[in-house]
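Notes follow the structure.
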Amino acid sequence: MTEVSVAKVDAAATGDLVVLKNVDKHFGALHVLQDIDLTITRGEVVVVIGPSGSGKSTLCRTINRLETIDSGTITIDGKPLPQEGKELARLRADVGMVFQSFNLFAHKTVLENVMLGQIKVRKADKKKAEEKARSLLDRVGVASQAEKYPAQLSGGQQQRVAIARALAMDPKVMLFDEPTSALDPEMINEVLEVMQQLARDGMTMIVVTHEMGFARSAANRVVFMADGKIVEEAVPDQFFSNPRSDRAKDFLSKIL
Ligand code: ADP
Ligand code: MG
């Protein structure tokens, strides 16, 4: 584990990429994020786990500003999150996100889905965008599906296209919010394998998942959330074999 993380950190410029400090957020009376401090280093893979309703999705959504925060600060690559406009669009491109539900554009082909953001946000020309899209579709194993529409693909293929689409923007960090939860079991591994490869390639990743095998093999660190708080953080081996908090022990006893 240590070897992997050292190699990854050396491979890129070192430094903190995503930094949350004293982040608080409420939904009405619900204190959904409570004084969250979290730093993700370049090249690091952080798996976020915790019971349903603990705030994992909200945490992800604040990082690319799909949700605002009440107080605290979030910086990406040293810059505070922009509030709106072009700056915000660029930030969203820097922070790739893959959700549980397949959120491809239904009326665009697979190829167009992966080209669109490059042209609109990154101002790439059409030929370059297509080349890159085809190469990324190849990388995630769906090159032969390029001319199809999302509905013609399996869930696992659609999720891999969603990953390719996010990667097309050259994101600094990738957020995955339960990317395999809505998949039929036989499709889970094909998506996890793409994510494993991405991790090996040195991508900085924040992954909310219940796939503990992935957490054990790909994560540099596990962050355990409950009731809007980060309760525990540890390297996977330590977390799974020797959780410190009662909340984590209880959670692990239910899922392992
Ligand atoms: P998790 O992803 O860990 O299951 P979420 O971040 O989705 O948790 O939700 C945390 C809590 O916030 C839950 O109680 C949920 O019902 C609530 N919540 C999430 N989004 C909203 C919203 N837009 N408005 C009000 N409550 C919300
Ligand atoms: Mg969630």
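Residue by residue through segment 194-205, which ³J(HN,Hα) values in whole Hz follow from phi under the Karplus form 6.51 cos²θ - 1.76 cosθ + 1.60 (θ = phi - 60°), with glycine and proline marked x? Once θ is set to phi - 60°, the couplings for segment 194-205 become 4, 5, 4, 5, 4, 5, 5, 6, x, 5, 6, 9 Hz. Could you work out which residue, out of E232, E130, E84, moves most in a Gaussian network model of the chain, that is, has the largest mean-square fluctuation with Cα springs under 10 Å? Result for the chain, Cα springs under 10 Å: E84 fluctuates most. A Förster distance of 30 Å, applied to the separation of the beta-carbon atoms of K254 and L66, puts the FRET efficiency at 0.55.
Here the gap between D35 and Q197, fully extended at 0.36 nm per residue and compared with their Cα-Cα distance, gives a gain of 55.0 nm.
The alpha-carbon of K56 sits under 12 angstrom from the alpha-carbons of these aspartates and glutamates, leaving out residues fewer than 8 places away in its chain: D177, E178, D227. Which one, V32, P82, F105, is farthest towards the positive end of the dipole of segment 31-107 when Lys and Arg carry +1 and Asp and Glu -1 on their Cβ? Result: F105, furthest along the dipole toward the positive end. Since only V142, A215, S181 are under comparison, the one whose Cα sits farthest along the positive direction of the charge dipole of the chain, derived from C-beta charges on Lys, Arg, Asp and Glu, is V142. Apply the a/c threshold of 1.5 to the C-alpha gyration tensor of segment 14-53 and tell me whether it is rounded, prolate or oblate. Since a/c reaches 1.5 but b/c is at least a/b, the shape of segment 14-53 is classed as oblate. In percent, how large is the relative contact order of segment 16-254, given Cα pairs closer than 8 Å and 6 or more residues apart? Reported as a whole number, the value is 27 percent.
Over segment 150-256, what is the percentage of antiparallel beta bridges among all DSSP beta bridges, to the nearest 5?
50 percent
Multiply the residue separation of A151 and I119 by 0.36 nm, subtract the distance between their alpha-carbon atoms, and state the gained length in nm to one decimal. Once the chain is fully extended between A151 and I119, it gains 9.2 nm.
Look at where the Cα atoms of segment 50-87 and of segment 183-256 average out, and the two centres are 20 Å apart.
Taking a cut-off of 27 Å, what percent of all Cα-Cα pairs in the chain are separated by more than that? When all Cα pairs of the chain are counted, 36 percent exceed 27 Å. Here N189 and N22 are evaluated by their C-beta separation; at R0 = 35 Å the FRET efficiency comes out at 0.35.
Remark: segment 146-162, residue by residue, has Karplus-estimated 3J(HN,Hα) of 3, 8, 7, 9, x, 4, 7, 9, 6, x, x, 5, 4, 5, 5, 5, 4 Hz, where x stands for each Gly or Pro and the curve is 6.51 cos²θ - 1.76 cosθ + 1.60 at θ = phi - 60°. In the context of the full set of protein chains, the chain has a per residue accessible area of 47 Å² (1.4 Å probe). Bridge orientation summary for the chain: considering DSSP beta bridges with both residues in this region, about 55 percent are antiparallel.
The values are calculated or read from the model by the stated rules, or taken from the named source; none is laboratory data. Model, not experiment: these values are computed from the prediction. Reconstructed Cβ throughout: ideal geometry from the backbone, glycine too, with neighbour counts over all protein chains shown. With ligands, DNA and RNA removed, areas are computed over all heavy atoms of the protein, side chains included. Shrake-Rupley method; radii C 1.70, N 1.55, O 1.52, S 1.80 Å.
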